[in-house]
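Enquirer: Dropping a structure here in structure tokens format, bear with me for questions.
Nothing in this text is a laboratory measurement; each read-out follows from the coordinates by a stated rule. Everything numeric in this text was worked out from a predicted model, so none of it was measured. Note that each Cβ is placed from the backbone with ideal geometry, even for glycine, and that neighbours are counted across all protein chains shown.
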Amino acid sequence: QVQLVESGGGLVQPGGSLRVSCAASGSISTINAMGWFRQSPGKQRDMVAIITQLGTTKYADSVKGRFTISSDDAKNTVFLQMSSLKPEDTAVYYCYAHKGGLSPLDYWGQGTQVTVSS
């Protein structure tokens with residue numbers, strides 16, 4: 001019922017910045033949280049940042065102070081501004097949406113590759 005499409009990934013140098021975007025469509029009225037996860041080869045998918053419908057944000061310790069999550073509700077879009085990028089940030093970044101309530105549901109985008117390398 002919910003489709004998530006990421007964009008903005010690419011290759012950046014260490015210390016550089018990049019902004020990835022995620023546009024949601026479909027049955028979006030009941031989404032109460034969106035965010036970003038990432039997965040590197042050989043590792044599990046981990047939470048990077050979450051923003052709720054109330055505007056509350058949460059970040060992984062590894063990105064605090066460097067990444068900022070924001071949303072444009074009118075456009076059903078969530079953003080992740082990444083600064084001071086490190087090679088360790090290299091991963092596929094996945095957009096995430098959550099529907100709470102009696103039957104919680106999670107939705108995922110297809111992922112966008114972010115590579116930090118000199």
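Enquirer: Dividing the alpha-carbon Rg of the chain by 2.2 N^0.38 Å yields what?
Expert: Working it through for the chain, the quotient is 1.02.
Enquirer: Next up: Using DSSP to call loops (not H, G, I, E or B), can you name the trypsin sites (Lys or Arg not before Pro) in region 6-111 whose Cβ has at most 16 other Cβ atoms within 10 angstrom?
Expert: Lys43, Arg45, Lys64, Arg66
Enquirer: Which residues' amide hydrogens lie under 5 Å from the amide hydrogen of Thr90, considering only partners 5 or more residues apart or on another chain, with H built in the peptide plane?
Expert: Here the answer is Val116, since their amide H atoms fall under 5 Å of that of Thr90.
Enquirer: Lys/Arg Cβ at +1, Asp/Glu Cβ at -1, dipole of region 2-118 taken about the Cα centre: which of Val116, Pro104, Ser70 is farthest positive-ward?
Expert: Selected residue: Val116.
Enquirer: Please get the size of the charge dipole for the chain, origin at its Cα centre, with Cβ charges of +1 on Lys and Arg and -1 on Asp and Glu, quoted in debye to the nearest 20.
Expert: 120 debye
Enquirer: Report relative contact order for the chain in percent, whole number only (criteria: Cα-Cα under 8 Å, sequence separation at least 6).
Expert: 36 percent
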